[in-house]
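Notes to accompany the following structure.
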Amino acid sequence: MLAEGLRKMFDKKAALDGFDLAVPAGTVCGLLGPNGAGKTTAVRILATLLRLDGGRAEVAGHDVAREAPAVRRQVALNGQQSTVDGVLTGRENLVMWGRLYHLSKRQAEVRADELLEQFGLTDAAGKRAKLYSGGMRRRLDLASSFIMRPSVLFLDEPTTGLDPRNRGEVWREVKRVVAEGTTVLLTTQYLDEADQLADQIVVMDTGRVAAQGTPDQLKSKLGGDRIEVVVRDADELPVAAEVLGPDAEVDPDTFRVSVAVADRVAALTRVTSALAARGVEAEDIALRRPTLDDVFLAITGHKAVSEVRA
Amino acid sequence: MRYAAIDSWIVAKRDLIHWVREPVRVFANLAYPIISVLIFGLVFGSAMNVFGGGDYIEFLLPGMFGQTIAFGIASTIMMVSMDADRGVTDRFRASPMSQTGVVAGRSIADLVNSSLELLVLALCGLVIGWSFHDGLLNALLAFALFLWLRFALVWVGIYLGLLVKPEAAQASWMFLFPLTMFANTFVSPELMPGWLRVVAEWNPLSSTVAAARELFGNPGVGGDSWAAQNSLLLAVLWPAVFVAIFWPLSVLKYRDLSR
């Protein structure tokens with residue numbers, strides 16, 4: 001999957017403004033960014049749902065603008081909302097999609113049963129999909145994307161609105177299909193989701209690529225580990241900040257002070273003894289690797305909308 | 001082309017399964033015309049005059065058929081906008097299925113649904129005293145005209161459905177109600193004030209209803225205006241005009257959903 005200089009205007013405002021992307025076959029690319037960064041627009045263009053105003057894009061070896069039908073035979077799209085039909089049973093949903101992908105009735109039924117088995121839905125196959133739990137519906141939706149064993153799968157915020165257990169289930173299914181060789185473009189607002197699933201992360205902001213790399217590369221860009229001190233009392237915050245040095249970041253709401261450090265364990269010892277010497281009894285002192293939240297904040301200057309954390 | 005036929009049937013089947021499994025909506029759709037027939041036919045009926053004389057129930061039924069057909073557009077708009085809103089339309093478009101299949105499936109399902117409504121309404125009419133008098137063939141022709149109008153409205157409905165959100169689609173009722181009343185459906189246009197009379201006579205729904213009255217041999221046919229005298233011609237032409245305008249518009253809109 002390849003995109004070069006994608007441009008898309010909505011009412012004279014650029015939703016995509018020179019967006020580039022290269023995803024090697026069989027890998028997962030996480031598109032990360034706040035609402036309105038252009039993630040969904042990028043996916044919709046690559047899935048041949050939107051015409052692009054500039055640039056070019058290739059998916060599964062075909063140009064999305066000139067060879068849209070060829071692209072459509074190779075890709076599957078899983079949008080933000082569930083396209084599962086609640087009135088139909090789980091099996092009927094899959095058979096319907098199989099038929100729309102031009103399988104014969106018999107083939108569609110065989111494939112539906114295979115997928116129900118794979119996605120752990122065999123027991124619920126005959127139940128109407130509206131009686132399914134959120135996670136089951138999502139799995140059914142994913143299963144319907146796999147009818148044709150697509151070479152490219154677009155997942156647009158696949159776990160938005162799911163509880164942690166169901167998110168875990170969806171992640172497991174995604175990992176399984178990636179192991180079978182599917183290329184996945186995943187958009188998400190959840191940093192831990194990208195961390196879990198993606199080989200490569202592209203951070204988007206205002207229609208462009210703000211940063212990209214593997215999750216670890218992005219984290220190390222921030223200058224490695226941070227030491228974090230949590231104090232018991234707001235009065236102790238200034239003292240702790242003084243101990244950590246001039247670059248310390250203070251979060252008065254959580255009584256937390258942190259700073260980037262190069263010498264991990266030595267710094268920990270130094271800070272612990274310095275705090276003890278000044279009579280500050282810390283609630284918690286810890287070394288931690290930066291999270292993608294930190295990366296995001298550092299790159300875009302604003303926090304990601306992240307309601308669920310691992 | 002073979003796939004277009006299969007795809008449209010599969011899309012239509014989905015809707016038909018919905019109606020069979022959730023018959024509440026079908027009953028709700030049917031309840032309104034049936035109750036209207038009872039209210040207008042049996043309650044107001046004795047106080048109603050048919051211009052040029054004749055039994056009011058005989059006059060009313062073709063009007064009710066017409067209103068039912070026109071109201072059908074509300075369900076088209078609703079279904080189309082819900083599919084677009086839920087991302088179903090996107091998945092249809094991102095799949096290799098025939099692109100005409102989706103819209104063709106929509107019209108098959110809607111036509112089946114409307115035929116059923118006409119049938120139930122006609123049976124209800126026969127019970128309370130409506131009938132057709134010019135032979136079964138002419139009666140079937142009249143029903144064909146209604147379905148021709150319904151087919152045209154499917155395209156209008158698809159276009160509007162792609163244009164609005166489901167919440168807005170619910171408001172279509174507000175416009176449909178007067179549009180079906182400023183017509184010859186319940187009262188002869190001859191009995192309306194001048195300006196409204198012109199509106200009612202040229203209302204496309206009036207042409208179909210007037211043509212149907214003629215074919216059924218029901219009273220209230222005729223009038224001085226050109227539109228009233230050529231209702232059969234207009235009943236064929238009006239829907240053709242709708243199709244000519246809204247078929248390409250909805251196909252364009254469908255292919256290029258910009259959101």
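Considering the stretch B:1-25 alone, what residues qualify as being surrounded by fewer than 19 Cβ atoms within 10 Å (Cβ to Cβ), farther than 17 Å from A:SER104 by Cα and in contact with a Ser or Thr (Cβ under 9 Å, 6 or more places away or on another chain)?
B:ARG25 - this is the single residue of the stretch B:1-25 that is surrounded by fewer than 19 Cβ atoms within 10 Å (Cβ to Cβ), farther than 17 Å from A:SER104 by Cα and in contact with a Ser or Thr (Cβ under 9 Å, 6 or more places away or on another chain).
Considering only the stretch B:129-196, give the helices (runs of 4 or more DSSP H) lying wholly within it that have at least 2 residues that are surrounded by 19 or more Cβ atoms within 10 Å (Cβ to Cβ) and touching a helix residue (DSSP H, G or I) at 6+ places or on another chain (Cβ under 8 Å).
The helices (runs of 4 or more DSSP H) meeting that bar are B:135-163, B:172-181.
Can you give me the ranges of the helices (runs of 4 or more DSSP H) entirely in the stretch B:199-255 with at least 1 residues that are farther than 21 Å from B:PHE186 by Cα and basic (Lys, Arg)?
By residue number, B:231-255.
Quick check on the stretch A:65-75. Is at least one of its residues surrounded by 18 or more Cβ atoms within 10 Å (Cβ to Cβ), among the basic types (Lys, Arg) and in the same structural domain as A:GLY30 (by TED's automatic domain parsing)?
Yes: one or more hits.
Output the number of residues of the stretch A:97-119 satisfying the condition of being touching a residue at least 12 places away in the same chain (Cβ under 8 Å) and surrounded by 18 or more Cβ atoms within 10 Å (Cβ to Cβ).
10
Please work out which one of (1) closer than 30 Å to B:TRP19 by Cβ; (2) within 14 Å of another protein chain (Cβ to nearest Cβ) is the condition A:ALA125 fails and give its number.
That leaves (2) as the condition not met.
Given the conditions (1) at pLDDT 90 or above; (2) in the same structural domain as A:ASP192 (by TED's automatic domain parsing); (3) outside any loop (DSSP other than H, G, I, E, B); (4) more than 18 Å from A:PRO158 (Cα to Cα), report the number of the one that A:PRO24 does not fulfil.
A:PRO24 satisfies all of (1) at pLDDT 90 or above; (2) in the same structural domain as A:ASP192 (by TED's automatic domain parsing); (3) outside any loop (DSSP other than H, G, I, E, B); (4) more than 18 Å from A:PRO158 (Cα to Cα) except (3).
Of the conditions (1) surrounded by fewer than 18 Cβ atoms within 10 Å (Cβ to Cβ); (2) farther than 30 Å from B:ASP85 by Cα, B:ALA240 satisfies every one except a single condition; which number is it?
(2)
Any chance you could count how many residues in the stretch A:99-144 are under 19 Å from A:LEU162 (Cα atoms) and among the hydroxyl-bearing types (Ser, Thr, Tyr)?
So the answer is 3.
In the stretch B:36-80, what count of residues is obtained for those that are closer than 17 Å to B:TRP148 by Cα and not hydroxyl-bearing (Ser, Thr, Tyr)?
Residues in the stretch B:36-80 being closer than 17 Å to B:TRP148 by Cα and not hydroxyl-bearing (Ser, Thr, Tyr): 12 in total.
All but one of (1) closer than 18 Å to B:PHE143 by Cα; (2) at pLDDT 90 or above hold for B:TRP202; which doesn't?
Every condition holds for B:TRP202 apart from (1).
Step by step: first the residues of the stretch B:246-259, then only those that are away from chain A (no Cβ under 14 Å) and more than 17 Å from the chain's Cα centre (by Cα), then the one that is modelled with the lowest pLDDT. Which residue is that?
Looking at the filtered set, the residue picked out is B:VAL251.
When only residues in the stretch A:39-69 that are assigned to a helix (DSSP H, G or I) and more than 9 Å from chain B (Cβ to nearest Cβ) count, which is farthest from B:LYS253 (Cα to Cα)?
Checking each candidate, the answer is A:LYS39.
Working carefully through the options B:PHE71, B:PHE51, B:PHE40, find the one that is under 23 Å from B:LEU160 (Cβ atoms), touching a residue at least 24 places away in the same chain (Cβ under 8 Å) and either over 16 Å from the mean Cα position of the chain (by Cα) or more than 14 Å from chain A (Cβ to nearest Cβ) (or both).
Only one candidate qualifies: B:PHE71.
The values are calculated or read from the model by the stated rules, or taken from the named source; none is laboratory data. Given the structure is predicted, the values throughout are model-derived calculations rather than measurements. Ideal geometry is used to build each Cβ from the backbone, glycine not excepted, and the neighbour counts take in all protein chains shown.
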